[in-house]
Amino acid sequence: MPERPFESDDAGKQQHELDENSPSHNNEHSGGEDDDEHQSEEDDDQEDDNDEPTPDFTDDDYGSDFPDDVLCPELMAERPQEHESLNNIIVVDNLPKVDSVKLEKLKQVISKVYSKFGICRNEYYPLDKDGNTKGYGFFEFQNEQMAIEAVKQTDGYRLDKNHTFSVNLMSDFERLTQVPPESADTGNLLSWLSEPDAVDQFAVQSDEPKKTTIFSNALSGPTILDERNKWTENNFVWSPKGTYLASFHEQGIAFWGGKEFRQVQRFAHRGVNYIDFSPCERYLVTISPRPNNPEAFIVWDVITGTKKRSFPLDQHFSQGPSYFKWSFQDQYFAKQGPDGIYMYDTESFQLVDKKPFKIPSLADFQWSPTDNRLAYWTAEDGNVPARLVLAEVNGTRLDEIRSKTLFNVIDCRLCWQKRGDYLVVKVDRYTKKSGEKNNPKYSGLIYNFEIFHMREKNVPLDTLEVKEIVQSFAIEPAGHKLVVITGENLRTNVTFYKMGQGQKSGKIETLKVMPLAVTTAIWAPNGQYVVLAAMKTGSSSGGQLIFVDTADMSVMTKQEHPDLSDVEWCPTGRYVASSVNLWNAKRDHSFKIWTFQGNMIFEKTVDRLVAFHWRPRPPSLLTEDMVKDVRKNRNVWTPRLDQRDRILRTGESAKQQEQRRKQLDEFQKLKEKNTKRLAIQKQQRIDLRRGVDTDSLFDQQSSNVGEELVEFLIKSEEVEHKP
Amino acid sequence: MKPILLQAHERSLTKIRYNREGDLLFSSGKDKIPSVWYSINGERLGSYNGHNGTVWTLDVNWDSTSLVTASADSTVRLWDVQTGRERNVYQLDTPCRVCAFSYDGNRILYTNDDVMGKPCEMYLTDIRASPNEGPSARINISQKGLRKATSGLWGTLDEFIVTGHDNGELVQWDIKAMDEVRKEKPHSAQIMDLQANKDLTFLISSSKDCTAKLFDIETLEHVKTYTTERPVNSAAISPLKDHVILGGGQEAIEVTQTSVQTGKFEARFFHLIFEEEFARVKGHFGPINTIAIHPDGKSYASGGEDGLVRIHYFDNDYLDYDIAY
């Protein structure tokens, strides 16, 4: 596989069949197609002034020491050069396909486009057997500069809605067709999903030495799948469905995938700090936030590797990957602009309806993960109160579905449930405001949760009031529970709420309050289980991990991982990984893997750990009914899976025992050698210790253990010796 | 497994050692006064008064009649174990770091530090001779291009000596030729301790580089490595089972910033052959400086920076336990 992803470019350009009648063959200046001649042409390319002149133009007998270039420079400049014709020709692709009747019209339109670059010596439109054009054409210019200029200016030229030119130099053609079909042999990018036991993978990055390791979390413990030094320069990112591993380089981003993690695609963008994927991983956004960078943001097509659109840096960018927010099916992407939401569609990569959605004092917005809906809120502005709005994208319109006006708002946090069933908004409000206008001071803070029931008619809205400071909250990804952690520092309470459904809608039931010192709640991807974790904050090193089953609200286990910096569930919800990375702790960088019940199954120290991430999985192909069916037939499945686990375990332990037996045998040999030596030296040892055999002290003792007399001192005196 | 706590040292422990039978436990610390204890119940039998500085190490001969101690007061002293009487004083120029009895118990080896412009030297002395006669052999370690010796012991049949150095080197010296015969550099940082197994066939070294390593004592061939994430100050090989016990922890200098939990001051049990850790014993609230296993292998003692010696008698669970293979 290529170690350096950025040595050549243009891998993905389209290829054309070379038509027999293409102008390069008819051209009268053309020398011919023999390889040898091409070779010599290339030599001519690096023309020196005292280059060996061609026999046609010099006459040694004439006795002139001056080369032709000096004698008649004007004439020599126009000297026909054999390779010239190739450089003068451009190939224009994506022309309209027309029949012979319309061909003349097309020719007129196209020549109008190209006439401004210079005289078009020759044009050629290949025809199929019915006399229709094939959708591309060849144009020959008088010189190379014109051709280059034409390529530069008309590549990507939009003739009309359906036809955007793709223009290349004919001389590039050979180079482009010679690009090895790298991307072809990456194999099945989804092969990792066919693992029979759905074993999850994870990647670990360490700094110094820069090393990325990919593990497969098998039942008997993680095994290394791949390990490479300097795979990426600082960090790595998995694509949202886990297909690609993105590595960061000075020149851009490279994607790796398939069975052997070969390079799949690369995106040349200098100084990329952050990347962001669209949810279906069709598009990639690379962010290179250098000041005054006209191409700070580039949106790429992941599969073809082509640049779709670029954006300059603007003041709304805050460090981080999520500058653009993507709708759930990659249809739209939007950013917050100075006067509202700038929404682009991924067909044209232009603003939807050619203008932004004007929303004065827009503070934040978030897309629903399952619908073309978005939620936004506008901040208080003078006498205008804050507003919370739920809106739906309908073609070029943004229709409000539900809204709520809120007074005395400091801040809102919009949070969608993973299945899109709920939108939970945490609202921080004040009762008193003082201080200056630009630097207000708030007092008497109140915390509210506004909960939108998305799946019910008219989208009913609940309000939940919380008295204490809310540290964090988390919604059950597939379910109806809400965990809120309130309080300050280590005196925190964890409260579980259940959001009422159907007829009970509007009622929020408090399930349980647990007085636990934690900072974050992390739900299992399928709900029910939650890990409450105390991350390292300020002076407190944290490290508590509390595993809770919310079906019966019981604490399953309490565990510890001091200086904890991150907790992540594996995408199938079977394991939890906790890690300590170098940003959070000075030493003991490590990760631990726990079962969902909180039993530790693996622990590894990784010096200077940068990141630990599970490889994400695409959503399950099972429908909700099928999942229900599996749950119903658990009695059938459990014994089968248990048996499978047993087989895997015994296989693994057999391997380990084999290994141990080997080690034991080797060591035994060493011991035997030593025993022999000791036997030979026995007499010498006895001699050294005045004839006493001290080798077998304890063997003798064990035979008459009962008769040993032990004396103890009852009183002790310090005796000073005076010499 | 309730430990017996020995609380006589006012400062941190430097060395503990059982006699051959294991009924006595000798301890030395930075508080100048080495002590001797009954290992069975932790009762103090007496102390050896006379040193005027940290006692870095001690050793007892095979018939438990003599004790030798090396101290930062630049003396090595020889004591009568039973009476606590000082039998001899060997005066050196700089602090003494290492001392050890030969197999026959007639000779001692000791070294001094290379400070104050003096070289690090190794001395061999017959304890039956008068101290005025001077050492029977004297090797200038610094002159040989080696770093300061930090630990040392006698090899098979008193034919050679092995020393550990503060750059992680391990050197074997032939006694007749009085010269180095083998030199290895198994560790990247200071060797803190060297201990042999019961029949003097293996050697275990402990190092600040967070590992302990097992060697063949004659060939210095590296056999096994036991890896931890903290400096290892001491390691001992069990005479009964295929186990080794490692003691160490976050360095004393950094301890004030470290909680007990992250300092990892536990005694750690590794399988001798599989190099796998299978148990830990908590207790000390500072790093463990020295570890010794009772010659019957049924108990062990650890001495820590916290000034405590803890004697642990193993439960039957441990004695019955073995890693499956």
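The values are calculated or read from the model by the stated rules, or taken from the named source; none is laboratory data. Bear in mind that the values here come from a model prediction, so they are computed numbers and not experimental data. As a convention, Cβ positions derive from the backbone with ideal geometry for all residues, glycine included, and neighbour counts pool all protein chains shown. Note: areas computed on protein heavy atoms with side chains; ligands, DNA, RNA excluded. Shrake-Rupley method; radii C 1.70, N 1.55, O 1.52, S 1.80 Å.
Looking at segment B:167-244, the trypsin sites (Lys or Arg not before Pro) that sit in a DSSP loop and have at most 11 other Cβ atoms within 10 Å of their own Cβ are B:Lys176. Shielding value for B:144-157 is 1, the average number of Cβ atoms from other chains within 10 Å of each residue's Cβ.
Pair-distance distribution P(r) for chain B, from all Cα-Cα distances in 20 Å bins starting at 0: 35, 61, 5 percent.
Taking 0.36 nm per residue of separation and subtracting the current Cα-Cα distance, fully stretching the chain between A:Val630 and A:Glu295 would add 115.6 nm. Estimated from the Cβ-Cβ distance and a Förster radius of 60 angstrom, the FRET efficiency linking A:Ser322 and B:Thr83 is about 0.15.
Distance cut-off 27 Å, Cα to Cα: go down the list A:Lys358/A:Lys433; A:Lys433/A:Lys512; A:Lys662/B:Lys213; A:Lys437/A:Lys536; A:Lys662/B:Lys208 and report the pairs above it. Over 27 Å Cα-Cα: A:Lys358/A:Lys433; A:Lys433/A:Lys512; A:Lys437/A:Lys536; A:Lys662/B:Lys208. Based on protein heavy atoms only, segment A:86-177 ends up with 53 Å² per residue of surface accessible to a 1.4 Å probe. Each Lys and Arg contributes +1 and each Asp and Glu -1, all at the Cβ; summed about the Cα centre of chain B, the dipole is approximately 640 debye. With a Förster radius of 45 Å applied to the C-beta separation of A:Thr223 and A:Asn438, the computed FRET efficiency comes to 0.20. In this simple spin-label approximation, A:Leu490 and B:Ala137 carry label points 7 Å from Cα along the Cα→Cβ vector, and these lie 5.8 nm apart. Can you tell me the relative contact order of segment B:3-320? Whole percent, Cα pairs under 8 Å, sequence separation 6 or more. Computed value for segment B:3-320: 13 percent relative contact order.
Ranking A:Leu95, A:Asn168, A:Leu390 by how far each Cα lies toward the positive end of the dipole of the protein assembly as shown (charges on Cβ) leaves A:Leu390 at the top. Do any of A:Lys404/A:Lys426; B:Lys224/B:Lys298; A:Lys105/A:Lys308 go past 20 Å between their Cα atoms, and which? Result: B:Lys224/B:Lys298; A:Lys105/A:Lys308 exceed 20 Å.
Taking all protein chains together, B:His243, A:His249 sort by accessible area into A:His249, B:His243, largest first [probe 1.4 Å]. Averaging 1/r over every pair of different alpha carbons in segment B:88-173 and inverting the result gives a Kirkwood radius of 13.1 Å. Close amide H partners of A:Lys134, meaning residues 5 or more places away or on another chain with modelled amide H under 5 Å apart, are A:Asp128. Remark: the protein assembly as shown carries a charge dipole of roughly 7680 debye about the Cα centre, counting +1 on each Lys and Arg Cβ and -1 on each Asp and Glu Cβ. Which of the listed residues, A:Leu482, A:Val531, A:Gly573, is farthest toward the dipole's positive end in segment A:476-581, when Lys, Arg count +1 and Asp, Glu count -1 at the beta-carbon? Farthest along the dipole direction, towards plus: A:Leu482.
You can think of it this way: the chain between A:Leu189 and A:Lys161 has 6.7 nm of extra reach, that is 0.36 nm per residue less the Cα-Cα gap.
Please give me the summed charge of the neighbours of A:Ile469: other residues whose Cβ is under 15 Å from its Cβ, Lys and Arg +1, Asp and Glu -1. Spelling it out: positives minus negatives among the neighbours equals 0.
Each residue, B:Asp93 and A:Ser310, gets one label point 7 Å from its Cα in the Cβ direction; the gap between the two is 7.3 nm. Once label points are set 7 Å from the Cα along Cα→Cβ at both B:Glu159 and A:Glu74, what is their separation, rounded to one decimal in nm? Using points 7 Å along Cα→Cβ, the separation is 10.3 nm.
Which net charge results when you count Lys and Arg as +1 and Asp and Glu as -1 among the other residues whose beta-carbon is under 11 Å from that of B:Gln91? Local charge sum for B:Gln91: -1. Quick one: compute a quarter of the convex hull surface over the Cα atoms of the protein assembly as shown and quote it in nm². So the mean shadow area of the Cα hull is 67.0 nm². Short-range pairs are left out: with C-alpha atoms under 8 Å and at least six residues apart, the relative contact order of segment A:251-307 is 26 percent. Only Cα sites of segment B:16-65 enter the Debye sum here, all with the same form factor; the resulting log10 I(q)/I(0) across q = 0.26, 0.28, 0.29 1/Å is -1.00, -1.09, -1.14, listed in q order.
Take each peptide in A:95-105, B:280-290, A:304-314, count the other Cβ atoms within 10 Å of every residue, and average; sorted highest first, the result is B:280-290, A:304-314, A:95-105.
When the convex hull of its Cα atoms is viewed from all sides, segment B:36-75 shows a mean projected area of 3.3 nm². Projecting the alpha carbon convex hull of segment A:266-374 along each direction and taking the average yields 6.7 nm². Expressed as a fraction of 2.2 N^0.38 Å, the value expected for a compact globular protein of N residues, the C-alpha radius of gyration of segment A:86-177 is 1.02. How about segment A:458-501: which trypsin sites (Lys or Arg not before Pro) there lie in a loop by DSSP and see at most 12 other Cβ atoms within 10 Å? Listed in order of number, the matching sites are A:Lys467.
Over segment B:127-204, Cα pairs under 8 Å with separation of 6+ residues give a relative contact order of 23 percent. In a simple Cβ point-charge model (Lys, Arg +1; Asp, Glu -1; nothing else charged), segment A:191-324 has a dipole of about 460 debye relative to its Cα centre.
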